[in-house]
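Report on the following structure.
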Amino acid sequence: MHCASCAAIIEKTLKKVEGVQSVEVNYGTEAAKISYDEVKTNPHHLSEKIKPLGYSFIQPKAREGMSAHTSTSLSASEMGMSEDEHAAHLGLNQSKEEKLAEIADLKWKVVSAVPLSIISALILGWDVLSQFGTVGPIPSVLKVPINYLLPLMATYVLFVVGKPYLLGFYRFLRYGKANMDTLIGLGTSVAYVYSLAILFFGASLSRFINIDATYFDVTIIVITFIALGKYLEARAKVKTGDAIEKLLNLQAKTALVIREGKDPTSPKGFEGQEIEIPIDQVVVGDIVVVKPAGKIPVDGILTEGSSHVDESMVTGEPMPVKKAVGDSVVAGTINTSGSFTFKATKVGQETMLAHIVKMVEEAQGSRAPIQALADKISAVFVPIVLVIAFVSLGAWLAIGSQYLGFSQALSFGLVSFVGILVIACPCALGLATPTAIIVGVGKGAREGILVKDAATLEKLHKVSVVLMDKTGTITKGKPELVSLQNLSRKSDAEIIAILASLENKSEHPIAHAVVSNAKEKNITLLPVEEFESVKGKGIGGSIGGVKYFVGSIKGIDQLGGSTAKLRDMVEKDTSEGKTPVILVAENTVLAVAMIADQIKPEAVAAVKDLHALGIKVVMLTGDDKRTAAFIAEQAGIDEVVAEVLPEDKLNLIKDLQSGKFENWKLKIENSSQRLVVAMAGDGVNDAPALAQADVGIAMATGTDVAIESAGITLLHGDISKLVKAIRLSKLTMRGIKQNLFWAFIYNIVGIPLATGIFFPLFGWLLSPVFAGLAMAFSSVSVVGNSLRLKAKRL
């Protein structure tokens, strides 16, 4: 595909095919997304429909017994392939190979054409300067060789370097479909044929036209400039999509596994030993060994050992994350120190890395609403330019002949005709949005921000209100032991040992908080005898012959203990949402441990940064109002809506979107206007609200349902990435607007100048040589501007 008009031509042609339900062609990624009825058509048939127009699909053949449509949805293991074979089958690497082959071909053409273009430019410059008396005229001894050299060079450049443009012109004549190639092919062909006619029939034509000027140099220089521009554009476009390649390169090629002797896949003599196998042979349940500095090959859960894992390439987190038994690890991350083993839970296309790659690919290939105007213009751009070019030529001949004479008017008319066709640049229009989206989505992925589609990225920069679910978004989402009030003569370590030993027998989330605290402090658990769980009251058991009870104030109350002083002691903490866990021995309170879901360290900075961007922050929670108010105050949040059900979250978003806040008592400026609302959450109960919001933002530590409902996924559950996502959206949209501005300016200024509309007033007429230069670098400037986003800090 060579321009945005190509995308429009392919879409129009495919939409007419019976069985095709929808078509979306993206010039930036050079990919088509097609929904079709398998009974009525197939990819091969669709490819045949566009082949006469100069296009074809890079579509892999389906395996026997499968349609292409069906086979591409199956995983590698289901198709009995390795991951590399599966990637080749799906054509994942073919686009890059095709693009590199195109770049190599363009490079050869440019290298061969540039010297000829330099010679032509020198001759042209000498001729122009001699007319002003700056230099002497070209010696007659050189004129004859030049008269034969220029046609030979123009013939090579037009028919070898300019072959794609001639084919574009041919297809226009045969099928009536015009694109950028048509404009260049028609313009340069007219200049070449006109010059050839003067060369061979100059004597006969001298009575009618000026035979002193030929345009072989125009053909040579224009095609060289455009080929050079296409070469630079192709190289830059490859760089815009390197995010996916970098993600794919994170994947390990092999894995070190331990398999038991009963496993038939274990090599004979290696049962129970470490063996290195290709990544595609790892199956769910395998025990995988990871050595220091080794890549983690698949997703899994640690079964033995501990280490720090560098997850920066997947989540964007700069610091290595501590991993211990029971923690999860993901493919593509790097073990920094220590060895460990883990059990494989997800392999192949099911790993987080594979999901990230798929999500990035889909987002880069999607369209942003802002692109709609450029697409509409691109669809009619080439036909309009053709009409303008012919009308301009006609005007020069009809009106110009009366003032300049037919010979001079024809000469100026041809310059104008060729200039209009050459300077018109639908490519820049077509590249303005997709290249910025490709770079923006790729940059987001490297920062741990996964964007579902281009429309979400566009909407995000307009967000005026962010709603945040409390649990798992603002807070860590898991209870922790935050304080211990020791009322006994025992040490804190002894108290925690007793508490954790008893709680270790319980499945309650609060029990997990106590046990985790003991493990972090390397406190050894003690043997428990006569353990009992009293429903609704607490747990009890004997340790070292002493009977202990652990429970809430209510539980101790029900067992007949005195709790009046205890209530006064914990009142402040309970008002802040903390839960007291009381350790009692022989009716004596030994200690009070406070359990709470702690606020995330990054939440305060994230809220502050959102305020700096002029965005209102509202916290939603099912908790009571006192707890919610305390958490909101800690995080610096503006507004709180507490004691809400999932349907309340949904209704609040609908009301905010329609400008109705009376029922919610929220202080929001411009409340009469429709607000653009973002919702950040992580649970199943957040899914309806995430789907209703203009932009749904899911924490990747949350549920799959929440992630599916969201437009943005923040890896590692890091709420500070929300601020980066908004900045990314603003930078991307600014880049798109700049691109569209330059794309329109090139055409708005260039085309009228090329028509000669300013000639009667100022004597301005654009040379096709400069038109070719402007056209070539319009696309390069747009792609280059998009690439600048890579260097921006979020």
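The values are calculated or read from the model by the stated rules, or taken from the named source; none is laboratory data. Everything quoted here is computed from the prediction, not taken from an experiment. Here the Cβ is made from the backbone with ideal geometry for all residues, glycine too, and neighbour counts use every protein chain on show. Only protein heavy atoms, including side chains, enter the accessible area calculation; ligands, DNA and RNA are left aside. Shrake-Rupley method; radii C 1.70, N 1.55, O 1.52, S 1.80 Å.
Observations on the model:
- Criterion violated by ALA154 - all others in (1) surrounded by 15 or more Cβ atoms within 10 Å (Cβ to Cβ); (2) out of contact with any helix residue (DSSP H, G or I) (no Cβ under 8 Å at 6 or more places or on another chain) satisfied: (2)
- Residue in region 568-589 that is under 21 Å from LEU481 (Cα atoms) and touching a Pro at 6+ places or on another chain (Cβ under 6 Å) present: yes
- Filter result for ALA368 (modelled with pLDDT under 90 and closer than 30 Å to ASN747 by Cβ): yes
- Residue within region 110-125 that is more than 20 Å from LYS230 (Cα to Cα), touching a residue at least 24 places away in the same chain (Cβ under 8 Å), touching a Leu at 6+ places or on another chain (Cβ under 9 Å) and of a type in the set (A, V, I, L, M, F, W, C) present: yes
- The residue that is farthest from THR333 (Cα to Cα), among those in region 252-274 that are in a loop (DSSP other than H, G, I, E, B) and either at pLDDT 80 or above or hydrophobic (A, V, I, L, M, F, W, C) (or both), is PHE270.
- Only one entry in LEU414, LEU386, LEU373 is exposed (fewer than 15 other Cβ atoms within 10 Å of the Cβ) and either part of a helix (DSSP H, G or I) or on the phi > 0 side of the Ramachandran plot (or both), namely LEU373.
- For the residues GLY756, GLY735, GLY772, the requirement of being at pLDDT 90 or above and buried (at least 18 other Cβ atoms within 10 Å of the Cβ) singles out GLY735.
- The single condition from (1) at pLDDT below 85; (2) part of a loop (DSSP other than H, G, I, E, B) that ASP686 fails is (2).
- Of everything listed in (1) in a helix (DSSP H, G or I); (2) crowded, with 17+ Cβ neighbours inside 10 Å, the single unmet condition for ILE277 is (1).
- In region 401-411, the residues that are open to solvent by less than 20 Å² (accessible area, probe 1.4 Å) and free of Cβ contacts under 8 Å to residues at least 40 places away in the same chain: ALA409
- Filter pass, GLU458 being of a type outside the set (Lys, Arg), open to solvent by 10 Å² or more (accessible area, probe 1.4 Å) and either part of a helix (DSSP H, G or I) or closer than 30 Å to ASN739 by Cβ (or both): yes
- Residue selected from region 307-344 under the condition crowded, with 16+ Cβ neighbours inside 10 Å and among the hydroxyl-bearing types (Ser, Thr, Tyr), by the criterion modelled with the highest pLDDT: THR341
- Residue satisfying condition, being open to solvent by less than 10 Å² (accessible area, probe 1.4 Å), within 42 Å of the chain's Cα centre (by Cα) and under 21 Å from TYR746 (Cβ atoms), within set ALA379, ALA424: ALA424
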